[in-house]
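Here is the structure we will look at.
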Amino acid sequence: MTLKIISAEDILYQGEVDAVHLPGKMGAFTVLPGHAALISTLTPGAVRFTVPAESTERSVDIQGGIVDVDSNVVSVCIY
């Protein structure tokens, strides 16, 4: 599955991941490969993700944004 974390200034991360944990407005949720399509707003917190072949989890702190999940692509637009 591909993750893209994008701000107005830069692409913070783009690459393959095994899982993405997101701070949704209605509560935190996890996206795994094959997840159903969705669009959600995000609240302040951390976008955490697991990169294949790495033993640690990475994270990017956000102040809010939106996420679009479709066809194994997770696009996070942050502000």
For the chain, using Cα atoms only, the Rg and Dmax in Å read 11.3, 31
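Checking the a/c ratio against 1.5 first, then a/b against b/c, what shape does the Cα gyration tensor give for segment 21-66?
Working: a/c = 2.72, a/b = 1.29, b/c = 2.12.
Judged from the Cα gyration tensor, segment 21-66 comes out oblate (a/c at least 1.5, b/c at or above a/b).
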Residues whose built amide H sits under 5 Å from the amide H of A46, excluding neighbours closer than 5 in sequence, are I62
Each label sits 7 Å from Cα toward the beta-carbon; between A28 and V51 the label points are separated, in nm, by 2.1 nm
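With all protein chains present and a 1.4 Å probe, how do T30, T2 order by accessible area, largest first? Write down the numbers at each step before the final one.
Details: T30 60, T2 35 Å².
The ordering from most to least exposed comes out as T30, T2.
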With every protein chain kept in place and a 1.4 Å probe, the chain has an accessible area per residue in Å² of 57 Å²
In whole percent, the fraction of accessible protein surface over the chain that belongs to carbon or sulfur atoms, probe radius 1.4 Å, stands at 55 percent
Inter-part gap, Cα centre of segment 1-20 to Cα centre of segment 26-79, in whole angstrom, is 8 Å
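How big is the charge dipole of the chain about its Cα centre, in debye rounded to the nearest 20, if each Lys and Arg gets +1 on its Cβ and each Asp and Glu gets -1 on its Cβ?
Details: 4 positive and 9 negative charges, 44 e Å.
Approximately 220 debye in magnitude.
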Filtering GluC sites (Glu not before Pro) in the chain by DSSP loop and by at most 15 other Cβ atoms within 10 Å leaves E9, E54
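The values are calculated or read from the model by the stated rules, or taken from the named source; none is laboratory data. Given the structure is predicted, the values throughout are model-derived calculations rather than measurements. Note: ideal-geometry Cβ built from the backbone for every residue, glycine included; neighbour counts use all protein chains shown. Keep in mind that these areas ignore ligands, DNA and RNA; they rest on the heavy atoms of the full protein, side chains included. Shrake-Rupley method; radii C 1.70, N 1.55, O 1.52, S 1.80 Å.
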